[in-house]
Amino acid sequence: SSGTLGAGRLPAPAGGGPPGGVAAITSVTSPINTPETTIVSYTVPANTIAAGTTYRVVAYGTCTSSAANVSTAKIRFGSTGTASDTALATFNVTSATSGSNVAFSVEFYITFQSTTVAEVTAILHNNGSTGIYTALQVIMAPANTTGLTTTSNEVLQLSYASAASTTTSTFQIAMIELVKP
C-alpha cells in the first residue's frame, strides 16, 4: 500500500519528539529551602527512550545563605512526578556562610545507556565564593542508575532543597531539552 499515515497513526519519536526544548518554567519560583520542591518537569512518553537518548536540564537562580547548609539538586525519574520517584542523580553542595542573591547555574546531562539504564553528570557554576557554594564551580561525579521503567509515561524532573531555612534559592530560569532522541 502507499500513502501518508495520519499523525495519530505514526509511532512516537524516540525520546518524545525532535531535539529541542520540551519543558520550561514560565515564572520565577518562590524562594525555596525545605522541603524538596520540583523546579521543572517533563513527562517522557512511553516507549520513546532508546540507547543514546540524552536530555539536558539547566537552571539559573540566586541563593541567599547565612549558614553552611547542604543544598541538593536532584534529577528524578518516575511515574508520580514527586520526591518519591527514583533519584537518578543527587548533586550536593555546601553553601557559604554568607551571600545575598548570589547568582548560580546548574546543568545536568542525562544519557540513557539502554531503555533501563541512565548515566547523569552535572556542573554547578557560582558567581564567586558566597551563596550556594564556596567556589566558582564544581563538577558532579557521574551517577549510574539501573532498573528504570520506560514502557510507561515517566516524569523527568529537577528538584531542589536546602538543609535549613538559612539557605534559600530562587530559580529564574529552568528548562529541559531533548538533546538526542
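Each reported figure results from applying straightforward, stated rules to the coordinates on display, with no laboratory input. Since we're looking at a predicted model, the values are computed, not measured. Here Cβ is always computed from backbone atoms with ideal geometry, including for glycine, and neighbour counts include all displayed protein chains.
Tabulated data for the structure shown
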| quantity | calculated |
| --- | --- |
| Estimated dipole of the chain in Debye, rounded to 20 [Cβ of Lys and Arg +1, of Asp and Glu -1, Cα centre] | 160 |
| Karplus (6.51, -1.76, 1.60) ³J(HN,Hα), θ = phi - 60°, over the stretch 39-56, in Hz, Gly and Pro reported as x | 8, 8, 8, 8, 8, 7, x, 4, 6, 10, 7, 9, 4, x, 4, 10, 10, 10 |
| Signed unit charges on C-beta, dipole axis of the chain, positive-most listed residue VAL117, LEU178, THR37 | LEU178 |
| Listed values (i) 10, 37, 30, 15, 4, 2, 0; (ii) 9, 31, 33, 22, 6, 0; (iii) 9, 34, 32, 15, 7, 3, 1, entry calculated as P(r) over Cα pairs in 10 Å bins from 0, in percent | (i) |
| Whole-Å semi-axes of the stretch 92-174's equivalent ellipsoid (Cα gyration tensor) | 29, 14, 11 |
| Amide H within-cut-off set for ILE32, under 5 Å, with H built and near neighbours excluded | SER169, THR170 |
